[in-house]
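Take a look at the structure below.
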Protein chains: 2
Amino acid sequence: MDDVGRDGVEGRGAASERLARGAQRFLANLGAAAVAEFRLPSGRRLDLMALLPDGTLWGIEVKSGVADLAADRKWPEYLDWVDALYFCVDPAFPLALLPEQAGVMVADSFDAQVMRDAPERRLSAGRRKSMTLRFGLVAGRRLQGRDDPA
Amino acid sequence: MDDVGRDGVEGRGAASERLARGAQRFLANLGAAAVAEFRLPSGRRLDLMALLPDGTLWGIEVKSGVADLAADRKWPEYLDWVDALYFCVDPAFPLALLPEQAGVMVADSFDAQVMRDAPERRLSAGRRKSMTLRFGLVAGRRLQGRDDPA
């Protein structure tokens, strides 16, 4: 049995993966690079960290449903590490529930679309530098692990 | 027939891959991330571009043998894009032939070792910023291509 419940409803994990895949494809079309499960210096993991071609850093938190959002009291901490934070949700998600400090992206498996821009809170130059370095190290090491698992 | 000639001698491609793998493992042990076939803004491709945890960028050119080095008249151009350039060679390579503007790394399939430090020519702040961004974009997009080839 994969991640589909007894009643045929898609589980939270499968739904999140599907939405994250759509968001990653959308970002790839922007020329951005996105890394899943990106560990911040605080120790928390962002669902996706995206580096845009202009150097902007977007954090993207995938929410499979209202319960998933309600259970997350930690998301405001992500605001300190990105230029913009987005929630990525299914088209059926009641968008009015999503907090205004973040933007909104609606996704399916194949693509995503920004429904509401995030209020930009530009990172300081020093933090941008350290986060861009971290992005390169995380992405490069993970790529190397895929190509040479030994 | 793989990349081994009729007389049992390892071909240039196989030798280069072996040395590059050793260099990548050495770099991973330093906490660095390395990306193979890294395209520079000039259009040329470095065999390996490494991002070190302190933000330093190393270019690494793998030379399978003396003929491979002799055939390369382009390597001085790489100096403009990195803090340090290294040649990575087999232990049997006559090290005295390697130019002094670059450092020397000796490798096998499993590891590598720096035999001579590269003279550091620090990148300007602007170029470091743009190259670190490029590194993140290249590594992140390539990782995404591995995980979602569609």
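Taken together, the values in this text are just the output of simple stated rules run on the coordinates, not laboratory data. Please read these numbers as outputs of a predicted model, since none were measured by experiment. Here the Cβ is made from the backbone with ideal geometry for all residues, glycine too, and neighbour counts use every protein chain on show.
Here is how the numbers come out for the structure above:
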{"quantity": "Fewest-first sequence of B:LEU30, B:LEU57 by Cβ atoms within 10 Å of each Cβ", "calculated": "B:LEU30, B:LEU57"}
{"quantity": "Pair B:SER130, A:ALA14: separation of 7 Å Cα→Cβ label points (nm)", "calculated": "4.8 nm"}
{"quantity": "Interchain or long-range residues, amide H under 5 Å from A:TYR86's placed H", "calculated": "A:GLY59, A:ILE60, A:GLU61, A:GLY103"}
{"quantity": "Shape category assigned to chain A from the gyration tensor of Cα positions, a/c cut at 1.5", "calculated": "oblate"}
{"quantity": "Over the range A:70-150 - Rg/Rh using Cα atoms and the Kirkwood inverse-distance radius", "calculated": "1.06"}
{"quantity": "Beta bridges by DSSP in chain B, antiparallel share as percent, to the nearest 5", "calculated": "60 percent"}
{"quantity": "Neighbour-count order for A:ARG73, B:ARG141, B:ARG146, fewest beta carbons within 10 angstrom listed first", "calculated": "A:ARG73, B:ARG146, B:ARG141"}
{"quantity": "Label distances, nm, A:PRO94 versus same residue in remaining copies, Cβ-directed 7 Å point", "calculated": "7.9"}
{"quantity": "Order of B:VAL138, B:VAL62 - criterion: other Cβ atoms within 10 Å of each residue's Cβ, fewest first", "calculated": "B:VAL138, B:VAL62"}
{"quantity": "Phi to ³J(HN,Hα) by Karplus 6.51 cos²θ - 1.76 cosθ + 1.60 over the range B:108-124, Hz, x for Gly, Pro", "calculated": "10, 5, 9, 6, 8, 8, 7, 8, 8, 5, 6, x, 7, 10, 4, 5, 5"}
{"quantity": "Sequence-separation-based contact order of the range A:21-76, relative, with Cα cut under 8 Å and 6+ spacing, percent", "calculated": "22 percent"}
{"quantity": "Contact order normalised by residue count of chain A, Cα under 8 Å, 6+ apart, percent", "calculated": "20 percent"}
{"quantity": "The range A:70-137-the range A:43-62 distance, computed between alpha-carbon centres (Å)", "calculated": "7 Å"}
